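The values are calculated or read from the model by the stated rules, or taken from the named source; none is laboratory data. Because the structure is a prediction, the values reported are computed rather than measured. So basically every Cβ, Gly included, is an ideal-geometry build from the backbone, and we count neighbours across all protein chains shown. Just so you know, the surface numbers come from the protein's heavy atoms only, side chains and all, with ligands and any DNA or RNA stripped out. Shrake-Rupley method; radii C 1.70, N 1.55, O 1.52, S 1.80 Å.
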Amino acid sequence: MTDTRPDTRPSLHTADVVVIGMGIAGACAAIEAAEAGASVLVLEGASGPGGSSAQSGGEVYLGGGTATQQALGVEDTEEDMRAFLTAALGPNADEAKIADYCAGAVDHHDWLVAHGAEFHHKLWDTPTWMPGDDSGLMWMGERAQPYASIARPAARGHRPPAPNFAGNLLMDALVATAQKAGVTLHCDVKARSLIVSEGRVAGVRATEFGEEREYLATGGVVLATGGFVDNDRMLEQWAPQQVGKDKVSDGRDDGSGIEMGMDIGAAVRRMHQTETAMLIIPRLAVGAMLVDGDGQRFINEEVYPGLYCHAAVHHRRPPVWVIIDEKGIEDVPESELWGMQPMHAAETIEELAADCGLPGDALADTLRRYNAGARNGEDPQFGKSARWVRPLEPPFGAYPTGAGGPDTFNGLPLKAQGFTLGGLHTDLQSRVLDRAGEAIPGLFAAGRCTHGLHGEGYISGTSLGDGSFFGRRAGRGAAQGTG
Ligand SMILES: Cc1cc2nc3c(=O)[nH]c(=O)nc-3n(C[C@H](O)[C@H](O)[C@H](O)COP(=O)(O)OP(=O)(O)OC[C@H]3O[C@@H](n4cnc5c(N)ncnc54)[C@H](O)[C@@H]3O)c2cc1C
């Protein structure tokens, strides 16, 4: 008798290493595994590679004396880089991962360059989210107090040669390198669950346009699926402070890789940590006062903007405003002002406070103290560099920030935004650990589906940085079948 039922068996593929997700962590894992001689298959849920990595600024935090730093005369050491990151990514940064990352940063820079990354020998010198030119190196707040007293400052933000968002250049180069190395990429394939056989992760169940597929990995599986900011259920559970905020992602940070790992007993770490950004112009803020709903300054406006955004959104009473004067606005180059005029302007600080919903007496007192120090080129409260300190004179202006206050500004939505920094617990070899701290055989992970270097703080470049660095470790480990 002939069986006339349709064949519903999942189609089967086998490779030494199966990587899930082709953002920066997956691309670097795939390249390392292929160069170690493994056959590598990457499953990508989207119709093309790149992930959030391709939409990013492309900034990679590297230092300790990279070739790019040396060419620009920037002196740096591994110890200074480590001290800065430990402070700026803290409290509760992962010191073991930071130390390992810093020890390998010079070599990692050279590896990225050898695999297609380009960092022009040109330094962007003023605070910004992203340089508006092809500068290959930028400052990430290393010169700001308290960090300048903790570690000798050095510019460490390495970036591809394009204005603003340049992550696509970095990802185009890495994807092309992976293809040259013989990596096979299956797009539109969404991994659903891990296959465990005899206590070892042996492959992945996936769907391709609704059809089931099985992918077996003889060496290991690498999870490189990104974070979970697009999954509101997971945000409610792990990082409720992020619910209702805008999402910094490609829309595919659904946490699926994290949950696949957890389903087979993987531990997670630092799931509540998030990166925070807002519509604040760093070049404007550095010459101004950032004040909270009590009319108080709360941070040195010269630090990396993500740090003051995080402090404003998560630790201060709203609304938070940028208080500036006319000269402060004139000092910002047109190209960096994004055409933005202050929302409120007033001849006296008390009038401005009333417009902003701030306590007038407190704001006037804050201004008095700020100006008293500024007359001597000093900021006794937070140690802002003399370069950025100047008494603020009437007329004053105020820019909203998205930490409380108005919902829109200059026709743009004004909302805090961010992405998640917590994820699967991995060791320095990028092996995924279970709740007892034991490596799960055959399973590796890197990028934002893992917990990375971060504690509470975030500095741009450390996500593409740790994703690419520990992605390489994951690929190497899986190729060696050492999980
Ligand atoms: C606008 C923007 C600017 C940024 N700027 C910077 C910056 O300058 N420097 C920096 O360090 N960081 C920056 N970031 C953050 C950084 O881009 C991300 O944190 C980082 O790219 C994460 O890399 P990843 O490899 O872990 O994930 P991704 O790059 O997101 O890649 C994950 C991939 O996995 C795929 N995937 C997910 N689930 C599955 C599944 N179940 N099956 C198959 N495929 C799956 C996704 O489709 C995606 O392609 C920025 C982010 C954005 C959005």
- [ ] Those residues that are open to solvent by less than 50 Å² (accessible area, probe 1.4 Å) and β-branched (Val, Ile, Thr), I need them from the stretch 188-222; list them, please.
- [x] Val189, Ile195, Val201, Val204, Thr207, Val221, Val222
TODO: Determine the pairs where a residue that is farther than 17 Å from Val222 by Cα, located within the stretch 171-184, has a partner that is open to solvent by 60 Å² or more (accessible area, probe 1.4 Å) and not in a loop (DSSP other than H, G, I, E, B) with Cβ atoms under 7 Å apart, the partner being 6 or more residues away or on another chain.
DONE: Ala181/Glu35
Open item on the list: I'd like to verify a number: residues in the stretch 399-425 that are under 18 Å from the mean Cα position of the chain (by Cα) and part of a strand (DSSP E or B), how many?
Closed with: 5
TODO: Pick out, from the stretch 298-344, the helices (runs of 4 or more DSSP H) lying fully within it that include 2 or more residues that are touching a helix residue (DSSP H, G or I) at 6+ places or on another chain (Cβ under 8 Å) and at pLDDT below 95.
DONE: 334-337
Open item on the list: What's the total number of residues in the stretch 285-313 that are touching an Asp or Glu at 6+ places or on another chain (Cβ under 8 Å) and open to solvent by less than 10 Å² (accessible area, probe 1.4 Å)?
Closed with: 10
Open item on the list: Could you check the stretch 7-31 and list, in sequence order, the residues that are of a type in the set (A, V, I, L, M, F, W, C), within 22 Å of Glu212 (Cβ to Cβ) and modelled with pLDDT of 95 or more?
Closed with: Ala15, Val17, Val18, Val19, Ile20, Met22
Task: Residue tally, condition among the acidic types (Asp, Glu), in contact with a Lys or Arg (Cβ under 7 Å, 6 or more places away or on another chain) and free of Cβ contacts under 8 Å to residues at least 40 places away in the same chain, over the stretch 188-238 - done: 1
- [ ] Hey, can you tell me all the residues within the stretch 123-156 that are in a loop (DSSP other than H, G, I, E, B) and either of a type in the set (A, V, I, L, M) or under 24 Å from Thr177 (Cβ atoms) (or both)?
- [x] Met130, Asp134, Ser135, Gly136, Met140, Ala144, Ala151, Ala154, Ala155, Arg156
Open item on the list: Within the stretch 123-133, does at least one residue satisfy the condition of being of a type in the set (Ser, Thr, Tyr) and in contact (Cβ under 8 Å) with a residue 24 or more places away in the chain?
Closed with: yes
Task: Residues of the stretch 123-155 classified as out of contact with any strand residue (DSSP E or B) (no Cβ under 9 Å at 6 or more places or on another chain), among the hydrophobic types (A, V, I, L, M, F, W, C) and open to solvent by 40 Å² or more (accessible area, probe 1.4 Å), total - done: 1
Open item on the list: Condition first: away from the ligand (no atom under 11 Å from the Cβ) and surrounded by 22 or more Cβ atoms within 10 Å (Cβ to Cβ). Now tell me which residues in the stretch 156-187 satisfy that.
Closed with: Arg156, Ala178, Val183
Task: Among the residues listed as Thr225, Thr207, the single one being over 26 Å from Phe470 (Cα atoms), within 11 Å of the ligand (Cβ to nearest atom) and of a type outside the set (D, E, K, R) - done: Thr207
Task: Of all residues in the stretch 316-362 being open to solvent by less than 60 Å² (accessible area, probe 1.4 Å) and more than 33 Å from the chain's Cα centre (by Cα), the one that is farthest from Lys415 (Cα to Cα) - done: Thr348
TODO: Assess whether Gly383 counts as being within 30 Å of Ser149 (Cα to Cα), in the same structural domain as Ala311 (by TED's automatic domain parsing), of a type outside the set (Lys, Arg) and open to solvent by 20 Å² or more (accessible area, probe 1.4 Å).
DONE: yes
TODO: Please specify each residue of the stretch 52-65 satisfying the condition of being within 6 Å of the ligand (Cβ to nearest atom) and in contact with a strand residue (DSSP E or B) (Cβ under 8 Å, 6 or more places away or on another chain).
DONE: Glu59
Task: Looking only at the stretch 86-102, and only at residues there that are among the aliphatic types (A, V, I, L, M) and closer than 21 Å to Ala445 by Cβ, the one that is surrounded by the most Cβ atoms within 10 Å (Cβ to Cβ) - done: Leu89
Open item on the list: Quick check on the stretch 251-259. Is at least one of its residues in a strand (DSSP E or B) and either within 12 Å of the ligand (Cβ to nearest atom) or at pLDDT below 95 (or both)?
Closed with: no
Task: Count - residues of the stretch 13-51 that are of a type in the set (Val, Ile, Thr), more than 6 Å from the ligand (Cβ to nearest atom) and over 20 Å from Ile195 (Cα atoms) - done: 1
TODO: Those residues that are in contact with a helix residue (DSSP H, G or I) (Cβ under 6 Å, 6 or more places away or on another chain) and aromatic (Phe, Trp, Tyr), I need them from the stretch 372-405; list them, please.
DONE: Phe396
Open item on the list: Give me the residue from the stretch 261-297 that is in contact with a Cys (Cβ under 8 Å, 6 or more places away or on another chain), of a type in the set (A, V, I, L, M) and assigned to a loop (DSSP other than H, G, I, E, B) and, out of that set, farthest from the ligand (Cβ to nearest atom).
Closed with: Ile280
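Yes/no matrix, rows are residues, columns are (1) closer than 24 Å to Val248 by Cβ; (2) part of a strand (DSSP E or B); (3) open to solvent by 20 Å² or more (accessible area, probe 1.4 Å); (4) of a type in the set (Gly, Ala, Ser):
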{"site": "Asp16", "(1), (2), (3), (4)": "no, yes, yes, no"}
{"site": "Val19", "(1), (2), (3), (4)": "yes, yes, no, no"}
{"site": "Ala25", "(1), (2), (3), (4)": "yes, no, no, yes"}
{"site": "Cys28", "(1), (2), (3), (4)": "yes, no, no, no"}
{"site": "Ala33", "(1), (2), (3), (4)": "no, no, no, yes"}
{"site": "Val42", "(1), (2), (3), (4)": "yes, yes, no, no"}
{"site": "Gly48", "(1), (2), (3), (4)": "yes, no, yes, yes"}
{"site": "Ala54", "(1), (2), (3), (4)": "yes, no, yes, yes"}
Open item on the list: Restricting to the stretch 241-270, count the residues that are charged (D, E, K, R), closer than 12 Å to Val229 by Cβ and open to solvent by 50 Å² or more (accessible area, probe 1.4 Å).
Closed with: 4
